[in-house]
Structures are given as structure tokens and as C-alpha cells.
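> Dropping the structure in here first, questions after.
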Amino acid sequence: MPNHLFDAFANAITAPQAVFIETPEGGVWTFADALGLSARLANVLVERGVTPGDRVAVQVEKSAEALVLYLACLRCGAVYLPLNTGYTVAELDYFFGDARPALVVATPKDADKLAAVVSACGAVLETLDDTGGGTLMARAQEAGNTFSDVDRGPADLAAILYTSGTTGRSKGAMLSHDNLLSNARTLKDSWRFTAADRLIHALPIFHTHGLFVASNVTLISGASMFLLPKFDLERIVALLPRATVLMGVPTFYVRLCEDARVNRESTAAMRLFISGSAPLLSETHRTFREKTGHAILERYGMTETNMNTSNPYDGDRIAGTVGPALPGVVVRVVDMATGDALPAGETGMLEVKGPNVFQGYWNMPEKTKAEFRDDGFFITGDLGIIDERGYVHIVGRGKDLVISGGYNIYPKEVETELDQIDGVFESAVFGVPHRDFGEGVTAAVVVKPGASLVEKDMLAMLGERLARYKLPKRILIVDELPRNTMGKVQKNLLRDLHQHLYD
Ligand code: MCA
Ligand code: AMP
């Protein structure tokens with residue numbers, strides 16, 4: 001039995017000596033370089049005790065080596081578990097305890113800090129920094145450069161990605177080799193990727209967007225990428241004449257719209273700009289088109305499903321919509337109370353079925369069951385309509401979620417941490433419009449009588465527990481929280497009251 005996903009990537013390589021990755025420091029990786037290192041790293045993983053099905057948890061800065069580590073995990077049959085570099089030790093403790101990885105790869109500077117939580121879950125610790133330093137690469141230098149790939153079928157797990165939950169605890173979405181391969185192939189065809197494409201890759205590689213949408217699509221096309229450590233306006237502007245595609249969250253496009261150097265001439269070599277992970281404002285779509293002549297292609301996905309819909313490559317890319325369902329994916333809108341499918345134009349819950357839809361939540365059979373219908377549709381938690389032309393419009397969220405700069409923040413998680421601060425009586429966390437990040441995480445806090453809490457101190461305390469992107473941009477101290485007659489906090493009133501906070 002072959003290795004379902006890795007073989008497809010390897011077979012897409014037409015010229016092993018062609019460039020796969022260019023880095024800003026002038027590093028050039030051919031496909032042969034990447035394949036060679038993936039074999040050496042796969043040997044290291046096996047030497048360090050990783051067996052097929054074991055989780056390999058990775059919290060490292062973005063680098064070519066880090067991307068190749070993902071390939072090495074596929075080759076040895078491990079389940080790749082990427083983690084946001086912003087996660088604190090408290091957050092990691094939960095992920096390690098839940099996923100029980102056999103091996104953790106961390107940045108060298110975090111090694112001491114993580115030693116206790118890594119050993120508590122029984123894992124081995126290796127390190128990797130963003131310049132190819134650390135124990136993992138040192139071992140790889142000694143390892144053999146051939147590797148006999150472990151057999152993996154379509155249903156075998158390739159990755160677990162944690163996604164936050166409305167009830168607080170993160171859930172590990174289990175993605176199979178075929179979930180990833182089927183979606184990569186569909187997106188390659190829909191977006192017309194070929195080996196001639198050069199992607200500007202400026203997204204993090206620990207979430208679906210940067211890891212699967214950007215990297216898998218490049219790999220399955222035998223295309224190449226400019227691998228930037230993070231969003232960097234100057235570098236992106238400089239690369240536009242040499243690249244063909246950019247993928248980004250709406251914040252990328254808001255920032256590009258504000259730069260005079262982004263115009264028709266500088267984007268003439270580009271064939272495609274793609275946006276996703278959060279709603280792209282129609283205003284941003286329009287401004288970008290006026291400046292450059294390019295209609296941004298917006299698509300819609302989730303960690304659990306990869307990509308579900310996309311505006312068309314040919315045909316109308318309509319601002320404010322995420323386009324029709326991708327080939328092979330079925331999207332429907334149902335009545336939230338009855339679960340009955342609704343006709344075109346009516347608002348309800350978006351549900352999805354297809355080869356892209358995940359295998360369930362790790363260790364959480366009950367949660368998995370609750371999020372699927374009996375006929376196999378996954379309940380997204382997003383509210384939408386499907387119009388007469390089949391285009392999906394996301395009109396809201398049935399889940400209490402804030403999306404800031406493409407990162408999801410579940411208010412409950414932040415409220416739980418706030419409520420644990422000595423002197424806090426209660427709190428409500430919500431999102432309000434933010435020019436750069438789309439939504440800004442905001443907290444309203446009621447303090448106990450006599451407590452002398454100030455915003456700065458509360459932020460510092462939260463910072464010990466939560467990744468920085470989850471921290472409220474403002475914590476407002478209020479006398480009381482608005483409640484309805486049932487006693488439920490009315491976050492819509494808080495959102496309305498503070499809608500201009502970040503203007
Ligand atoms: C950085 N900060 C943020 C965010 N990013 N705060 C809120 N939300 C954020 N997204 C904080 C920093 O810690 C810093 O705080 C301050 O904001 C300013 O940072 P700045 O330098 O402006 O940030 P940046 O480095 O330019 O990053 C902004 C970014 C980045 C480019 C939008 O967040 C990013 O690359 N986002 C992409 C996220 C992504 O890949 N999402 C896909 C998830 P301080 O000064 O206090 O330290 S996958 C998904 O959603 C589904 C499947 C899908 O459909 O794709
Ligand atoms: P995640 O949990 O990171 O997988 O985020 C998935 C969520 O991001 C979806 O359920 C949507 O709420 C949101 N999302 C992704 N793409 C879009 C988009 N193009 N427009 C609006 N929301 C989006």
C-alpha cells in the first residue's frame with residue numbers, strides 16, 4: 001500500500017532540481033533538497049521512537065525546515081500536530097495532555113520552559129529554530145538520506161489541528177490523508193495551479209490556511225513558493241513582480257490597499273489573489289480591484305473541513321460572497337430548529353458533506369456526534385444563504401466566535417481566564433469592528449466591590465495564560481453587564497455600544 005498523500009506530492013515533482021522554496025535570506029531549496037531532508041528527518045523521527053499513528057507535536061517558527069518536517073511526518077506515518085507559536089505553556093499543557101504526542105519539537109529558546117509539560121505527557125523533546133539550528137537538524141545531519149515510506153491509506157490520519165470550542169476546551173480535528181489530498185487536488189484544479197506558479201507564502205504554517213491551502217496546493221502542483229516568515233508588507237511588495245499568486249487573510253488586503261506601490265503595474269505579473277479565514281469587506285474587494293484591476297477570489301473553509309466553497313476562477317467573483325460549493329463538496333442551508341433543508345435565499349445553518357470533511361474530534365466521540373447530522377452532514381456553526389446562482393453568502397455566526405486577523409478566538413476561553421483573576425466579579429468578551437484585524441477582541445469586566453483592578457494589570461495576567469492574539473485589545477471596566485429577562489448577557493448590546501471603539 002502506498003503513502004496516499006506523500007506519494008501524490010512526490011509524483012507532482014516534474015524536475016527534482018527545480019526550485020521549490022526561496023527564502024528572504026537568499027536560501028534556495030530544490031525539490032530534491034526538500035525530499036532529501038524529509039527522508040533524513042523521517043529517519044530521525046523513527047530513531048526517536050515515533051511509530052505509525054503517533055502524534056508529533058510541533059511548535060516552531062516558520063522555516064523551510066519546519067515545512068519539510070511536516071513531509072517527514074507523513075513519510076513515517078506519524079500524525080502531524082502543528083501548534084500556534086503564540087500558545088503559552090498553560091495552553092500547551094492541555095494540548096499535550098489531550099493528544100499524548102510521542103515527540104514534541106519546540107524552538108530551542110522554549111526548551112527549558114517546556115521540559116516539564118513534555119515529560120509529563122511522556123514525550124521526547126527535540127528542538128528546531130528558524131535558521132535550521134537545534135537538536136533535530138543536528139540529528140538529521142547524521143541520518144541516512146533514504147527512507148522507506150510507511151504505507152498509509154486514504155483514511156489514515158495525517159494531521160490533528162486543534163480548533164477552539166464554544167464551550168472553552170479546544171478540540172483536535174482529525175484529518176485523514178484523503179481529506180487533505182482530495183481538497184488539495186480540488187483547489188489546484190479550481191484555481192488553475194501549475195508547476196509554473198510561484199506563491200507568496202506569508203501565512204503561518206500551523207493552521208489550515210498556511211499549511212494545507214497554501215502548502216498542499218503548491219506541493220500537489222509541483223509549484224514553488226517564496227516562504228516569508230510572516231506578513232511583511234515591504235517583502236510582499238518587492239516580490240509582486242516575480243510571483244504569480246498570493247494567499248492571505250483579509251488583513252493582508254487591507255494593508256496592501258493602503259500602500260501606493262500596490263497598483264496595476266506592480267501586480268501585472270500576478271494572476272491570482274486569494275482571501276479567506278475571515279470575511280473580506282466588500283469595500284476592501286472594491287478598493288483592491290480599483291487599484292490593481294484584480295478581483296480578489298474569496299473562499300470559505302474550516303479546520304474541520306478544509307475548503308468548502310470558492311468564488312470561480314473564470315466567471316464572477318462576487319464581493320461579499322464566498323462562491324459556490326467546490327466540486328465534490330455539498331453545501332446546504334438548513335432550518336436551525338428542524339434541520340430541514342431551506343430553499344435558495346433563506347437564511348439558516350450551513351452544513352457540509354464531502355471527502356474534505358474530517359474524521360471527528362480526537363478523544364471526543366460525543367462532541368463529534370453532536371456536530372454531525374444523521375445523513376453525514378457536518379454542522380459548521382456558520383449562518384448563511386445560498387442564492388439562486390448557488391453562491392454562498394455567510395451572514396453571521398451561530399457560534400460565539402471572534403475572528404481577529406484570521407485567528408479565531410472563543411470568548412468563553414478568555415472569559416474563563418478573566419473570571420479567575422482575583423477581584424473580577426464577571427466578564428463578557430465580544431468582537432467589535434477593527435480596521436486592521438476585522439474584529440478586535442474586547443472585554444467588559446465588572447470588578448468586585450473594593451477591588452482595585454486596572455486594565456494593564458489584567459492584560460498582564462491574561463498574557464501569562466493566553467496567546468497574544470487572544471488578548472483583548474481593550475478591557476473596559478463597567479458597573480454591570482446588560483442582561484435579558486432570562487439573565488443572559490446581551491453581547492449584541494455591548495457590540496453596538498462599543499462599535500466605534502477602534503475607529
Ligand atoms: C498579531 N496580533 C494580533 C494578531 N496578529 N492581534 C489580534 N489578532 C491577530 N490576528 C498582535 C501582536 O501580538 C501584536 O501585539 C499586535 O497585534 C500587532 O501585531 P502586528 O505586527 O500588526 O501583527 P502581524 O505580525 O502583522 O500579524 C497580523 C497578521 C497575522 C498578519 C494578520 O495575525 C496573521 O498572519 N494572521 C493569519 C492567521 C491565519 O493564518 N489564520 C488562518 C486560520 P503586541 O504588540 O501586544 O505583541 S485557518 C482558518 O481560519 C480557516 C480554516 C480558513 O478558512 O482559512
Ligand atoms: P477555523 O476554526 O480557524 O477553522 O475557522 C473557521 C471559521 O472561519 C469558519 O467557520 C468561518 O466562521 C470563518 N471563515 C473562514 N473563511 C471565511 C470567509 N471567507 N468568510 C467568512 N468567514 C470565514
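> First compute the accessible area of the chain with a 1.4 Å probe, then give the percent of it belonging to carbon and sulfur atoms.
51
> Find how much the distance from LYS488 to THR88 grows on full extension, using 0.36 nm per residue of separation minus their present alpha carbon separation; answer in nm with one decimal.
My answer for the length gained is 140.9 nm.
> Same structure, new question: How much accessible area per residue does the chain have, counting only protein heavy atoms and a probe of 1.4 Å, in square angstrom?
40
> Per DSSP H run of n ≥ 4, the term is -39500 (n - 2.57); total these for the chain, divide by its residue number, and report the mean residue ellipticity at 222 nm rounded to 500 deg cm²/dmol.
Value at 222 nm, helices only: -8500 deg cm²/dmol.
> Count the net charge of all other residues whose Cβ sits under 13 Å from the Cβ of ASN492, scoring Lys and Arg as +1 and Asp and Glu as -1.
Once positives and negatives cancel, what remains is +3.
> Under 13 Å Cα-Cα from LYS353, which aspartates and glutamates qualify once same-chain neighbours fewer than 8 residues away are excluded?
Partners found: GLU304, GLU371, ASP374, ASP375.
> Which residue, chosen from LEU114, VAL217, GLY172, occupies the Cα position most advanced towards the positive end of the dipole of the chain, where the dipole is computed from +1 (Lys, Arg) and -1 (Asp, Glu) charges on Cβ about the Cα centre?
Farthest towards the positive end: VAL217.
> Quick one: what are the phi-derived ³J(HN,Hα) couplings along region 245-261, Karplus 6.51/-1.76/1.60 with θ = phi - 60°, whole Hz, x for glycine and proline?
Those phi angles translate into 9, 10, 10, x, 8, x, 4, 4, 6, 4, 6, 5, 5, 7, 10, 5, 6 Hz.
> For region 2-60 and region 184-261, what is the separation of their C-alpha centers, rounded to whole Å?
19
> What is the packing order of peptides 208-218, 271-281, taking the mean over residues of other C-beta atoms within 10 Å and listing the highest first?
Taking the mean over residues of other Cβ atoms within 10 Å, the ranking is 208-218, 271-281.
> Per-residue HN-Hα couplings for region 277-287, Karplus 6.51 cos²θ - 1.76 cosθ + 1.60 at θ = phi - 60°, whole Hz, x for Gly and Pro?
5, 7, x, 8, 5, 4, 4, 5, 4, 5, 4
> Using mean Cβ contacts within 10 Å as the protection proxy, how do 247-254, 6-13 order, highest first?
Descending mean neighbour count gives 247-254, 6-13.
> From the backbone phi of region 195-201, what are the Karplus-calculated ³J(HN,Hα) couplings (6.51 cos²θ - 1.76 cosθ + 1.60, θ = phi - 60°) in whole Hz, Gly and Pro given as x?
3J(HN,Hα) across region 195-201, in whole Hz: 5, 7, 6, 10, 8, 7, 9.
> Determine the shape class of region 1-104: with a ≥ b ≥ c the square roots of the Cα gyration tensor eigenvalues, call it rounded for a/c under 1.5, and otherwise prolate if a/b is greater than b/c, oblate otherwise.
Oblate, since a/c reaches 1.5 and b/c is not below a/b.
> Using Cα pairs closer than 8 Å and at least 6 residues apart in sequence, work out the relative contact order for region 248-307, in percent.
38
> So, one more: Per 0.36 nm of contour for each residue apart, how much would the distance between ARG435 and ASP314 grow if the chain were fully extended, relative to their Cα-Cα spacing?
Separation in residues times 0.36 nm, less the Cα-Cα distance, equals 40.5 nm.
> Using all C-alpha to C-alpha distances in region 246-293, build P(r) with 10 Å bins and read off the rounded percent in each one.
Pair shares across the bins are 27, 63, 10.
The values are calculated or read from the model by the stated rules, or taken from the named source; none is laboratory data. Given the structure is predicted, the values throughout are model-derived calculations rather than measurements. When we count neighbours, we look across all protein chains shown, and the Cβ atoms used for this are built from the backbone with ideal geometry, even at glycine. We work out accessible area using only protein heavy atoms, side chains counted, and drop any ligands, DNA or RNA first. Shrake-Rupley method; radii C 1.70, N 1.55, O 1.52, S 1.80 Å.
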